[in-house]
Each structure stands twice: as C-alpha cells, then as structure tokens.
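Encoded as structure tokens, the structure appears first; notes follow it.
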Amino acid sequence: MRFRRLAAGGERLATASLVQSLGIGLFMASSMAFFTRQVGLSATQVGAGLATAGAVALGVSLLGGELADRYGARRVLASLYTTRAVCCAAYAFVTAFWQFIAVTLVAIAADRTGPPVLQALVAGTVTDQRERTRVLAVVNVVRNVGLGVGAVAAGAALVSDTLLAYQITLGLIGLAFLGGAALVLRIREGARPTAAERAAKATARSVLPYPRYLVLTGLNFLLTFFDALLLVAMPVWVLEYTDAPRVMVSVLFAVNTGLVVVLQIPVSRLVEGLRRTSRLMTLAGAALAVSSLCFAAAGGLGGAGGPGGADGAGGAGDWYAIGWLLGAVVALSLGEVMANSASWELSIALAPPASRGRYLSVFNLGLSAERVLGPIVVTGLLLGSGAVGWIGAGAVFLLAGVAGERVALAAGSRAGLAVDPAGGPTGAFAAEPATGAGSGPATGPAAGAGAGSAAGPRAGSAAGSGAGSAAGSGAGESVDA
C-alpha cells in the first residue's frame, strides 16, 4: 500500500521531530556517563539536579502556551529548540555542580515548555481534523525511531569514554536542535486569532480553562500513568516478583516500542467525530486495566526466588509468567496508542482558538506532573501492595477512561461540537469552542476542519527521561516538544 504524503507543513514537522529526537537519543544514552566520569559529579548529584529542575519546570511550562498565543507558535518553538542547542553547548564546558544546576534548569524549562507550543503549531498549520491527528501519529513514530537510532549512535562516545568524544557528541546534539529549529521556521503557520477572538480572550473571567477541561486534564493525567508502569514498575516487577528471566525486561521494552511504532498511525484513523474520539478514552482505560490484571497474574505465579526465577533455571513458572507479561505489555501498548490519539484531538478541539496555547499548557501540565509523581506513586503504592496494587491500578484506569469519555462528550456538546461526524470525507468536528469562562466554552461558529491538534508522544519515550530530561526530553512522545 502506498504511503500517503502528509499535509503541507506536516512533513517538515515530522522531519524536525526526527532530527531533534536523534539528538535526544544521543543525550539520553551518553549524558550520565559524561556527567559522572568526565565532569566528576556523583549519580546522586545528577539525580538531585534533574529532580529540582523538573519541579521548577512544572510552573515555567505554563508560559509556553501564553507566549504561543501572543507571538505565534512557530517562532516560540524555534526559540525553544535554539535554547536547547545552546544548553548542549554549555554542558560541554560544565566543571562544577552549580554550573550543572544552572544549565539544567534552563534546559528542562525549555523542554517542558515545548509540547503545548508544538500542539498549537500543528493546530494552526494542519486544518483537517483527521489529518492533524495523523501528523501527530507520524511525529510520535519518527520520534521513537530517532530516539533509538540516537541511543545506538551514542555508543561511539561511550566506547571512547574521553572528554573530547563527549564534547563532540554534545555538539552534534546541539546541531540536531538547530536543525529542528530551522525546519520549524520554514513552516507556514495558520492565521492568528482575529481581533474579536483576542477581545473575547481578554474579557474572560478566569485565567484557568473552564471546569470540564480541567477535569478532563486530571483524568488524562491518570491515564498517562501507563508511562510510569512501563518505565518504572515493569522492570522491578519482572525482576523481583515474577519467575520470568531477567532478559524479559529488555524484550518487553522492545515489544512496546515495536507495537507503538506499528499501531500509532492506524489507531489515529479512529479519531473521527466527538463520540468516536471520546470513546477511545474508555477503550484506553479498559486496555490499561487488562494490562494491570495481567501484571498481577504474572506476579501471582511465584516469586523471583522460586524455581526458574531470576536465576534463569527454567521451569513451567517461567513460561506462564512470560505469557502474562507479554499480554500485559501488548494491552498496555494498545492503551497507550489509544490514549495518545484521544488526548491529542480532544485537548485541541475543546480549547478556544484564541486561548489555545494557554489551554494546552494546562493540559500538558498533567503530563509533566506524571513524570514527577509517577515513579513515586508506582514504587510507593503499587509495587508496595503487590498484586492488590495492580488490581487497584486497573480499577483507576477503567474509571478514568469511562469518566473521561463522559466529560469530553459533555464539554463538546456544550461547545457546539458535532457528536458524530457529519458525513464528510474528513469526519471533522463541526465546530470550535469560542473562548470560554465559567462552566464551559460558549458555542462558536462552525469551524469543521479548522481545529488542530497536537501533543507530545509518551513523555518517557518521545521526550526522554532520567538524565535525558536535562537537555531535551515519552510516553514520548512523547515529548512528547
């Protein structure tokens, strides 16, 4: 089957994402070795610096959407990419902990500010609803590919293990971000908000999104915990609570990456009309609930110290655990791609055009919060409770998905969006909400294909995690700038 080309602007967005994700992959794989072996920092210092910068960036990230609304998403996103390039150059000359902290604060602030700005750029560039979701799916896929290729390429610096090799690697990462900025500047951004829309925004009674949008943000925050389940809980569960061999950790990561790459674009085609798009939230919650139950079953078959456990002695318990774990990751991957597609579209379609950047910044704040709180919750509550913790997580996922569908339908109906596609070739939402205040957005004029959508991929995959967060990075995708 012939691959259909992306809409105008979509190809450059995808190329820019590929280029900068190569740099992120390079950084993720080489940065910890550089900071500990060449700069002389301890692993504790690096972790503390990343955690501090990540917490500060939670508040700073809200500025990205406001800047995009005021100055245009294209210029703001290019500026953020350039800032990250400068930070890469600065890392090459860091010699003390305070210098590392200073550069990392700027780098992570630029990273966390990027996703809602990218969303706003896609929303203003790709006008067709189904096409913009397809663009985001392609962006998510190429980011995952870029991260993997970049991580492999970092092996040259790790093998050399010299200061010069790491400095050259940082220079290449900076060039990747500059290349992404240059590509973004070549994108023709859509029309800016009209004078009437800007006036409506100025007279809005609250700086926060309307209540249903905030509730949807919170429910999506719960669904995004699939990232912490995969990156944090899964490795510990496999190694400490199941009879599966250790190598299954790598196998499961590979299965997830492959499924996301293969399924994200086809699943994005299910985004058609408010009802079908909202229904994806329920389906995502159900898939993640099934995944949680499979993880619980894998651990219930025996402990890591049992026959054929972590020592790899072999036995029937191994195969049962492997089967449940594979089922868990397949279900988690399905939930991930469905949650991505639904959140990309709903976060845009339910946001007033004149305040789109501000709304998306708030929506993406939930994704940033998951990066900070996810590891704490899954290690302290989920893993600490054993199989019961996984069952509880499944219940939370299912309830969040069902509630998310209902809230999205209620918000969209109040905003005047078509519940079902009107029968046109794109199946686009029938209207964009006007700037809202109080309990919901006012009904806006029909805008059909004018809504836009974008969001980062999974936080951990597309945007990097751990040490990679320092210079430009799930989940991811996402990213997820």
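Bear in mind these aren't lab numbers, they're just calculated from the coordinates by the rules spelled out. All values derive from a computational prediction rather than experimental measurement. Virtual Cβ from ideal backbone geometry, glycine too; neighbours counted across all protein chains shown.
Modelled label positions at Ala51 and Ser250, each set 7 Å beyond Cα in the direction of Cβ, lie 2.9 nm from each other.
Karplus-derived 3J(HN,Hα) values for the stretch 73-81, using 6.51 cos²θ - 1.76 cosθ + 1.60 with θ = phi - 60°, are 5, 4, 5, 5, 5, 4, 5, 5, 4 Hz; glycine and proline are entered as x. Rounded to the nearest Hz, the phi-derived 3J(HN,Hα) couplings of the stretch 392-406 under the Karplus curve 6.51 cos²θ - 1.76 cosθ + 1.60 (θ = phi - 60°) are x, 4, x, 5, 5, 4, 5, 5, 5, x, 5, 5, x, 4, 5, where x marks glycine and proline. Near Asp161, no amide H atom lies under 5 Å from its own; only residues 5 or more places off or on other chains count, and H is placed 1.01 Å from N. Summing charges over all other residues whose Cβ lies under 12 Å from the Cβ of Thr15, with Lys and Arg as +1 and Asp and Glu as -1, gives +2.
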